[in-house]
Structures are given as structure tokens and as C-alpha cells.
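The values are calculated or read from the model by the stated rules, or taken from the named source; none is laboratory data. Because the structure is a prediction, the values reported are computed rather than measured. Here the Cβ is made from the backbone with ideal geometry for all residues, glycine too, and neighbour counts use every protein chain on show.
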Amino acid sequence: MRFFLILFLWINTAQAATYITIVGGNVRRAKIAVGQVHPLPDAVAKDPQLAGLVRGQVISDLEFTNLFDFLSEATFASQDSSKDLYNVKYEDLTAIGASFFLKMGYKLEGAKLVFEASLYDVNGKKKIFGTRYQYPSNNYPRLVHAMSEDILKELTGERGLFFSRISMVCWNKKGKTPDKDVFVTEADGRNLLQLTTDRTVSLSPSWSPNGKFLTYAQYEYRMAGGVRTKRMVLKRHDLQTGDRKALSAKEGMNSGAAWMPDGKKLAATLSFTGRPEIYLIDPNNPAEPEPLSRNIQWRKIAGDGFQSSSVSLLFDVEPSFSPDGNQIVISSARTGHPMIYTVNMATKVANQLTFAGQYNASPAWSPKGDKIIFAAQRTGEGNFDLYLIDPDGNNLARVTNGERTGRRVNSENPSWAPTGRHIVFANNDGGAYAVYIMTLDGRFKRRISPMEKECKTPSWGPPEG
């Protein structure tokens, strides 16, 4: 079964409200007319090539939202001229089926690009907004992102898609060394930044709620009992100053951190006791991690009460918090095969969500709180695909289908966009692993990792500011 998303368009002329509401089902996108970027009436300096690049970025951003179908320019050309920059004939646009009309103008003031955008509600016969933006002309993509963010907020109430960032771990495809580094990019793959250069293996980056820190695990040499040994160390990286702090360097695994929504603590998998368990760590006082796994009560699948529990059964990894911080979802192999569980943080009671498949891993809670996405391998010889499930265990649905004859195509490590309608994940359909963003209905998919590298374990961060 494939999960789909439906976008119901409704226009309420009596009140200024959300124009597009989003529920489950098929996709019904709104038709939009996107005009050319014309010189403003008072423009002196002009750059038609730059105007074309700006419009191309506008189309790319609006495609990214997965809210629109684009009308052919020929159908509304008579209304799209520099002379008609502030005029709209709603009847003509209604006749071609347009729901929205975006008109744009620009001028250059030295190295500064001044850009005007007006979005019109055709059915309601009114302007939704008219805004002027000013950015350096060589940074026009960010200007367009600002406009696209405004459109997204006006039409859906969502924010954070265009000014969020994505982290991932990448390595050279043909490199002779096993070095794996943390990279950060804008949500559309622009401005890729290599964050680590430590000539070691870095793993599983994750964002703090305020976007100021990344946590990740790295292998490095440490002194233990007078002996220099290589260990996995969980680190917090300050993205503003570059300072790094070790949060856990205990023997064994120190990985898989997930921050509480309030940023006060994070959950991580440590194995210094001999078994992988989840602990809560205060980043300001990380020396004494608080055990979580061994305090969990595992509700019986049938009947009342709880299952018997033993430290020898502990194998809990990959935590992710609900948006309100009241629950956490984890992958646990306590029954023999990794399955997905939710845990109430107040009562420490766990409920099993998945019961089938060979391996269920890397769950991530939607920022809207209504869905959990995870990767699952149905059989021991099969590939990994992404699935959605409700937090109460209902409505299991498949998101990707990587079954191929003679080869295993995997989709792994899903992470949600701040809006909750896009995901980022790793996939090896092209042979090597790459990172892709995709809408839940699969109609929009774009690679954002560099072509010359192999990349995995993406994490979608919060919006800036």
C-alpha cells in the first residue's frame, strides 16, 4: 500500500484564512500562473539574464512545496506585461482555471536586487499579499526563498521549509581512506558546507531544537586505564563558534542522539554496561547519564499487565521524541527482531507499534505529531523501504518501493522537514548511497547530496531563527 497526501483547496472570501488545508489521501494541487520577472516602472538598471534566473528559482521553489500545478505562460500572456504589473483581470484567469496568480518585478540598485512580488487569489478576487524584498543580487536564491516562505505561510500556515538546513555524513566514492565527515546544506542542496575534517569516521548527526548545535559520534583515540584505545565519542558541535564538547566517551557505543523539544536533555544509545540502552544526557552536565531503557515497562501484547523484563534483553537504539516531548519512539530488538515502540516519558510504559518484518529501524516522529516514519526490511533477503504508522499503531502505509529484480535498493534513515510534508532519506537506487528530499506522496523527489560523494544518515534541522 502506498501513502498519499491530499491537498484540499478552499477559498473563503469572508475571512483571511488558510487557503490550502492538508489531510490524508490523494493530491489535488492548485493551479497557479507564474508571471515573468518584469522591470519595475522606476527601474533604471536592468539585467534580463538575472530576471530569468530569478524566475527559474521561483518555479523550482514552488515545485518544492508540492502545492501547485503550473499553467502555460501562453494562457495568461496577455495579462503578464510590465505595463500590467499591478493590474489583474480575474475573469480571464478564472476562464483558464487559475486559482492563484503571481506577478513579479525587479530593479537593480548597485549590487542590490530590489524585488516585488504580488500573489492574487483568483476565486476570491483579491490580493493575498504584495511584498518588496531587497538582497544582494548575487544571492538571489535566498531572496526567492524568502518570498516562497511567505507564500507557504500565507497559503498553508506552514513555515520553515526554505530556511531550514540538512546535515548528512558523506565520503568520497573512490577514496582510499575510510574517512566520513559531517556536511551541512540548505534544504534545496545549495551551499554545501563540510563541518568536520578529522580524518576519522563520523556518524549520525542530529540537530538541537534551536538549530545552534549538532551532535554526532566520532571514532577517536582516548586514554583509558593508561592505554590509548580508539573509541566512539558522542560530541556536541557549536555551529556558531566551532567549539566541540564530548557528551559521552564511555566504553562501547555512544551514538544516536535525539534532543528533547525543549533542548534541556537528549537521548542517546550507550553500551558501557554491555548492552545497547537508551540514556538521557544533560548537555551541561553529561557525566552522569540517566538510564531510560532499564526503567521501561513493556506492555503485554494481549491482555493486561506487563511483560517480564531483564537487563539481558536490552537492545534499544535510535530514539526520537514526539513534538510535545511526552513520548519517545525507539527501535528495540528485545523480542529477537528490531521492532518499533513508543514510550510514555512520564509512566515509562512502552507500546509495541510494529509486529512484522525482519528489521524495523530509525523511527522518526513527525513534527505535527500525527505520524511516525521508519525503515523496514520485510524479509532477511529483502530491501529496506520507508513506512508510515500512526503513534497508536494504526494505518501502516508504505512510502517507498525499492524492490528490483537482481539487486537490493534501500531507502533508509528518514528525517522530517519542519513542515511535516517532506522527508529526507538515504537511497542507493543509483548504485551508491545519496541523500534525497521527497514529498510523502512521492510526486516531488530531488537529490541534494553532491554527485562525487556517497552520503547517508541525513537529519533535517529546524528553521533558522
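Residues checked against (1) surrounded by fewer than 16 Cβ atoms within 10 Å (Cβ to Cβ); (2) outside the structural domain of H422 (by TED's automatic domain parsing); (3) not in a loop (DSSP other than H, G, I, E, B):
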{"site": "H38", "(1), (2), (3)": "no, yes, yes"}
{"site": "V54", "(1), (2), (3)": "no, yes, yes"}
{"site": "Y86", "(1), (2), (3)": "yes, yes, no"}
{"site": "V114", "(1), (2), (3)": "no, yes, yes"}
{"site": "K127", "(1), (2), (3)": "yes, yes, yes"}
{"site": "G130", "(1), (2), (3)": "yes, yes, yes"}
{"site": "Y135", "(1), (2), (3)": "no, yes, yes"}
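With respect to K348, is the statement that it is assigned by TED's automatic domain parsing to the domain that holds R443, basic (K, R) and in contact with a helix residue (DSSP H, G or I) (Cβ under 6 Å, 6 or more places away or on another chain) true? Even if it seems obvious, please write down each step before you answer.
On the way: assigned by TED's automatic domain parsing to the domain that holds R443: yes; basic (K, R): yes; in contact with a helix residue (DSSP H, G or I) (Cβ under 6 Å, 6 or more places away or on another chain): yes.
Here the answer is yes, as K348 does meet what is asked.
Does T197 count as surrounded by fewer than 18 Cβ atoms within 10 Å (Cβ to Cβ) and on the phi < 0 side of the Ramachandran plot? Show your work before the answer.
On the way: surrounded by fewer than 18 Cβ atoms within 10 Å (Cβ to Cβ): yes; on the phi < 0 side of the Ramachandran plot: yes.
When the stated conditions are applied, T197 passes them.
Tally up the residues in the stretch 161-185 that are in contact (Cβ under 8 Å) with a residue 24 or more places away in the chain and either surrounded by fewer than 18 Cβ atoms within 10 Å (Cβ to Cβ) or assigned to a strand (DSSP E or B) (or both), please. First the steps, then the outcome.
Of the residues in the stretch 161-185, the ones in contact (Cβ under 8 Å) with a residue 24 or more places away in the chain are 161-173, 182-185.
Adding the requirement that they be either surrounded by fewer than 18 Cβ atoms within 10 Å (Cβ to Cβ) or assigned to a strand (DSSP E or B) (or both) leaves 164-173, 182-185.
The number of residues fulfilling the criteria is 14.
Out of the residues in the stretch 137-159 meeting the condition of being in a loop (DSSP other than H, G, I, E, B) and in contact with a Lys or Arg (Cβ under 9 Å, 6 or more places away or on another chain), tell me which one is farthest from A98 (Cα to Cα). Please lay out each step first, then the result.
Narrowing the stretch 137-159 to residues in a loop (DSSP other than H, G, I, E, B): 157-159.
Pick out the ones that are also in contact with a Lys or Arg (Cβ under 9 Å, 6 or more places away or on another chain) and you get 158-159.
On the way: E158: 22, R159: 24 Å.
Among those that are in a loop (DSSP other than H, G, I, E, B) and in contact with a Lys or Arg (Cβ under 9 Å, 6 or more places away or on another chain), it is R159.
Just to be sure I understand, how many residues within the stretch 220-244 are farther than 22 Å from N285 by Cα and not in a loop (DSSP other than H, G, I, E, B)?
Step one: list which residues in the stretch 220-244 are farther than 22 Å from N285 by Cα, which gives 221, 225-230.
Still in the running and not in a loop (DSSP other than H, G, I, E, B): 221, 227-230.
The qualifying residues number 5.
Where the second residue is of a type in the set (K, R) and surrounded by 12 or more Cβ atoms within 10 Å (Cβ to Cβ) and the first is closer than 23 Å to R28 by Cα and lies in the stretch 70-86, which pairs have Cβ atoms under 8 Å and are six or more apart or on separate chains?
Listed by first residue and then by second, the contacts come to F70/K31; L71/K31.
Yes or no: N191 free of Cβ contacts under 8 Å to residues at least 24 places away in the same chain and within 30 Å of S255 (Cβ to Cβ)? If you could, list the steps in order and put the result at the bottom.
On the way: free of Cβ contacts under 8 Å to residues at least 24 places away in the same chain: yes; within 30 Å of S255 (Cβ to Cβ): yes.
Here the answer is yes, as N191 does meet what is asked.
Would you please name the residue that is modelled with the lowest pLDDT, looking only at residues in the stretch 64-84 that are outside any loop (DSSP other than H, G, I, E, B) and in contact with a Lys or Arg (Cβ under 9 Å, 6 or more places away or on another chain)? Explain how you work it out, then say what you get.
Step one: filter the stretch 64-84 for residues outside any loop (DSSP other than H, G, I, E, B), giving 64-65, 68-70, 73-75, 77-79, 82-84.
Within this subset, residues satisfying the condition of being in contact with a Lys or Arg (Cβ under 9 Å, 6 or more places away or on another chain) are 64-65, 68-70, 78-79, 84.
Numbers: F64: 93, T65: 92, F68: 95, D69: 95, F70: 97, S78: 91, Q79: 91, D84: 86.
Filtering first and then ranking leaves D84.
Name the pairs: first residue in the stretch 135-150 and over 18 Å from Q36 (Cα atoms), second residue among the acidic types (D, E) and in a helix (DSSP H, G or I), Cβ to Cβ under 9 Å, at least 6 apart or on different chains?
E149/D61
With the checklist (1) within 17 Å of Y133 (Cα to Cα); (2) out of contact with any Pro (no Cβ under 8 Å at 6 or more places or on another chain); (3) not in a helix (DSSP H, G or I) in hand, flag the one item Y106 doesn't pass.
All conditions are met except number (2).
Kindly establish whether G402 is at negative phi, at pLDDT below 90 and either buried (at least 22 other Cβ atoms within 10 Å of the Cβ) or in contact with a strand residue (DSSP E or B) (Cβ under 7 Å, 6 or more places away or on another chain) (or both). Write out each step before concluding.
Details: at negative phi: yes; at pLDDT below 90: yes; either buried (at least 22 other Cβ atoms within 10 Å of the Cβ) or in contact with a strand residue (DSSP E or B) (Cβ under 7 Å, 6 or more places away or on another chain) (or both): yes.
When the stated conditions are applied, G402 passes them.
Hey, can you tell me all the residues within the stretch 413-425 that are farther than 15 Å from S206 by Cα and touching a strand residue (DSSP E or B) at 6+ places or on another chain (Cβ under 7 Å)? Quick ask: steps written out before the conclusion?
The initial filter retains those residues of the stretch 413-425 that are farther than 15 Å from S206 by Cα, namely 419-422.
Hits for the stretch 413-425 are R421, H422.
Considering only residues that are of a type in the set (A, V, I, L, M) and over 17 Å from R443 (Cβ atoms), which ones fall in the stretch 391-432?
L396, V409, A426, A432
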